[in-house]
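Remarks on the structure that follows.
The values are calculated or read from the model by the stated rules, or taken from the named source; none is laboratory data. Computed from a prediction, not measured in an experiment: that's the story for all the values here. Because the Cβ atoms are built from the backbone with ideal geometry, glycine has one as well, and the counts that use them run over all protein chains shown. Only protein heavy atoms, including side chains, enter the accessible area calculation; ligands, DNA and RNA are left aside. Shrake-Rupley method; radii C 1.70, N 1.55, O 1.52, S 1.80 Å.
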Amino acid sequence: MSTKKALPLLLLSFLFGCGQADSAPVVGLWENHAVVNTQMKVLARPNYVFTDRQLTEPTVFTGLQNDSAEMVVVCCVKVSKLTAVDLKAVLQKYAADTDFTQHMKSIKGLPYVYEAEPVDSKQWTSLMQTVMGIAANKNDPSPYSVPVIGAAFEKKETLPLAFQVGGQKARLTSKKTADGNAISYQFTLDGKVTTFSEPAEPHD
């Protein structure tokens, strides 16, 4: 393969984060969850990405929030440290906030957890700006979580409900469980379905 042909392929691999073994983007949840004390004062607001499989390279994750008519893009967070987080250690560290620990340990279907951080603010979409504005307010403990995919959609504020990523057909659906206590998500990539869930927040 010539250098001219190889460069665009390398660029696509970087943009879409598809360097994983099975070529499909990694999917999961970004958790931006405040840790509070008994007076509801925010002590910390760590960022974690829960994933369906182990990461083998630094990955940019885009959040997708379904508003029934389209997907609102929440760009973006990145995982640079490829050593998975010991969730038990995290729960022990923040054990005083039982709401935080209960939420984190009740996420199902995503066995790997990584520390994440927002990308440069110049790349933020409108919803990302709102989320990060709330996160910066020490008096606002509002939690935020959103399903994510290891791909970047440059300068996109929205996507259709069915969209393309790395040449694959993709779709994300979500629904509350029958008892209303959790939200179940389904990512479909070229017919392969990945299902995971998290507890529903009180305001949901």
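For residue 114, indicate whether it is touching a Ser or Thr at 6+ places or on another chain (Cβ under 9 Å) and of a type in the set (Ser, Thr, Tyr).
Numbers: touching a Ser or Thr at 6+ places or on another chain (Cβ under 9 Å): yes; of a type in the set (Ser, Thr, Tyr): yes.
When the stated conditions are applied, residue 114 passes them.
Please find, among 95, 84, the residue that is open to solvent by less than 70 Å² (accessible area, probe 1.4 Å), part of a loop (DSSP other than H, G, I, E, B) and closer than 25 Å to residue 181 by Cα. Please lay out each step first, then the result.
Numbers: 84 fails: closer than 25 Å to residue 181 by Cα.
95 is the lone residue from the list that is open to solvent by less than 70 Å² (accessible area, probe 1.4 Å), part of a loop (DSSP other than H, G, I, E, B) and closer than 25 Å to residue 181 by Cα.
Residue-wise test of (1) on the phi > 0 side of the Ramachandran plot; (2) assigned to a strand (DSSP E or B); (3) touching an Asp or Glu at 6+ places or on another chain (Cβ under 6 Å); (4) open to solvent by 30 Å² or more (accessible area, probe 1.4 Å).
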| site | (1), (2), (3), (4) |
| --- | --- |
| 104 | no, no, no, no |
| 127 | no, no, no, yes |
| 138 | no, no, no, yes |
| 179 | no, no, no, yes |
| 196 | no, yes, no, no |
Exercise for the section: Would you be able to say whether some residue in segment 27-50 is modelled with pLDDT of 95 or more, among the polar types (S, T, N, Q), closer than 20 Å to residue 189 by Cα and part of a strand (DSSP E or B)? Expected result: no
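Between 122, 192, which is open to solvent by 40 Å² or more (accessible area, probe 1.4 Å) and either free of Cβ contacts under 8 Å to residues at least 40 places away in the same chain or of a type in the set (Ser, Thr, Tyr) (or both)? Explain how you work it out, then say what you get.
Numbers: 192 fails: either free of Cβ contacts under 8 Å to residues at least 40 places away in the same chain or of a type in the set (Ser, Thr, Tyr) (or both).
Selected residue: 122, the only one of 122, 192 that is open to solvent by 40 Å² or more (accessible area, probe 1.4 Å) and either free of Cβ contacts under 8 Å to residues at least 40 places away in the same chain or of a type in the set (Ser, Thr, Tyr) (or both).
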Practice task
Enumerate the pairs (first residue in segment 87-113 and closer than 19 Å to residue 147 by Cα and free of Cβ contacts under 8 Å to residues at least 12 places away in the same chain; second residue anywhere and of a type in the set (Asp, Glu) and outside any loop (DSSP other than H, G, I, E, B)) with beta-carbon separation below 7 Å, excluding pairs fewer than 6 apart on the same chain, so at least 6 apart or on different chains.
Solution key: none
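When the residues of segment 153-177 are filtered to those that are free of Cβ contacts under 8 Å to residues at least 12 places away in the same chain and part of a strand (DSSP E or B), which remaining residue is farthest from residue 77 (Cα to Cα)? Quick ask: steps written out before the conclusion?
Going residue by residue through segment 153-177, those that are free of Cβ contacts under 8 Å to residues at least 12 places away in the same chain are 155, 162, 164, 167, 175.
The next check asks that each one be part of a strand (DSSP E or B); those that pass are 162, 164, 175.
On the way: 162: 22, 164: 20, 175: 24 Å.
Among them, the one singled out is 175.
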Completion exercise
Here the residues within segment 156-174 that are within 17 Å of the chain's Cα centre (by Cα) and of a type in the set (Lys, Arg) are 156, 171
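Name the residues in segment 146-177 that are aromatic (Phe, Trp, Tyr) and open to solvent by 20 Å² or more (accessible area, probe 1.4 Å), would you?
Step one: of segment 146-177, the residues aromatic (Phe, Trp, Tyr) are 153, 163.
Scanning segment 146-177 gives a single hit, 153.
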Exercise for the section: Take residue 112 and decide whether it is in contact with a helix residue (DSSP H, G or I) (Cβ under 6 Å, 6 or more places away or on another chain) and among the aromatic types (Phe, Trp, Tyr). Expected result: no
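What tally of residues in segment 107-125 results from selecting those that are assigned to a helix (DSSP H, G or I) and of a type outside the set (Ser, Thr, Tyr)?
Step one: list which residues in segment 107-125 are assigned to a helix (DSSP H, G or I), which gives 121-123.
Subsequent filtering for residues that are of a type outside the set (Ser, Thr, Tyr) retains 122-123.
Residues in segment 107-125 being assigned to a helix (DSSP H, G or I) and of a type outside the set (Ser, Thr, Tyr): 2 in total.
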Completion exercise
So, first residue of a type in the set (Asp, Glu) in segment 125-138, second residue open to solvent by 60 Å² or more (accessible area, probe 1.4 Å) and assigned to a helix (DSSP H, G or I), Cβ within less than 7 Å, six or more apart or across chains; the pairs are none
